[in-house]
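Quick note: the coordinates plus some simple rules give every number you see, no bench work behind them. As the structure is a prediction and not an experimental result, all values here were calculated from the model. A quick note on method: Cβ atoms are made from the backbone with ideal geometry, for glycine too, and the neighbour counts reach across all protein chains shown.
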Amino acid sequence: MSDQDIDALFASLRAAAPPAAAPAPAPHTDDVLSVTDADADARHTAFRDIEQRLRRLPRMQSEFDSLAAKPPARARSAPPAPAPPAADWFQLPRPELTPELRRDLALIKHRAALDPKRHYRKEKWQVPERFSVGTVIEGTGEFYSSRLQNSQRKATMLETLLADDDSARYFRRRYAEVQVAKTSGKRAHYKRVRDRRRRP
């Protein structure tokens, strides 16, 4: 609004205001119609117009009102919902291949060489991408000779095999047989000849 609009607003306020003279006490005339009632209506409409013009005036922006107001509520981010338990039911984990785990997997791959009384079908077994490692817990219904005692149970399959006396005996015997086969024939003969030459 311009300065002229503000001046016109104040002029209309002065015109609508009653004269400054102190009014004399009026007699009791509530039930009598007079000309002053029309003036009151005109004054009322003038005040209403002034109030509407005041509302249209630009307001001063201050930080004071914002201090008293409540801060706007922040939208809370909901935590991500956990996946349902059935989502991973058919998915085995992808374990990290540690050296101990690699040794155990090599034992499984070459299990046919571990026991002379057990025979397995020849197959090209590869280490699966997803697998899980567990501990076999024998039930009490099984016969005691088919169960491992806690003292015989080790951390890995390799340690369990090496701790078994029968397996260790079999491994030693098989190693000796392989060494005899390797050193037989020409190679053993040449080794003996070489040893004889070195003697003084």
Under 17 Å from the 7 Å Cα→Cβ point of TRP125, by amide nitrogen: which residues of segment 159-200? 159-162
Label-point separation (nm) for LEU148 and PHE90, each offset 7 Å from Cα along Cα-to-Cβ? 3.3 nm
FRET E, pair ARG111, LYS70, Förster distance 41 Å, beta-carbon r, rounded to 0.05: 0.05
When only Cα pairs under 8 Å and 6 or more residues apart are kept, what is the percent relative contact order across segment 94-181? 33 percent
Tabulate in residue order the Karplus-calculated ³J(HN,Hα) for segment 70-78, using 6.51 cos²θ - 1.76 cosθ + 1.60 with θ = phi - 60°, rounded to whole Hz; enter x for Gly and Pro. 6, x, x, 5, 7, 6, 7, 7, 6
Fewest to most neighbouring Cβ within 10 Å: what's the order for MET60, MET157? MET60, MET157
Need one number: nm distance between label points at ARG56 and THR183, each 7 Å from Cα along Cα→Cβ, rounded to one decimal. 11.9 nm
Would you be so kind as to identify which of HIS119, SER151, THR140 lies farthest towards the positive end of the dipole of segment 61-200, taking Lys and Arg as +1 and Asp and Glu as -1 on Cβ and the Cα centre as origin? HIS119
Rounded to the nearest 0.05, what FRET efficiency is calculated for ARG199 and TYR170 with R0 set to 45 Å and r the Cβ-Cβ distance? 0.75
Which ³J(HN,Hα) values, rounded to whole Hz and listed in residue order, are derived for segment 99-105 from phi using the Karplus coefficients 6.51, -1.76 and 1.60 in 6.51 cos²θ - 1.76 cosθ + 1.60 with θ = phi - 60°, glycine and proline given as x? x, 5, 5, 4, 5, 5, 5
Would you kindly derive the ³J(HN,Hα) couplings of segment 137-145 from the backbone phi angles with the Karplus curve 6.51 cos²θ - 1.76 cosθ + 1.60 (θ = phi - 60°), listing them in order in whole Hz, with x for Gly and Pro? 10, 6, x, 6, x, 6, 5, 4, 6
Using the count of nearby Cβ atoms within 10 Å as a rough guide to exposure, how do HIS189, HIS119 rank from fewest to most? HIS119, HIS189
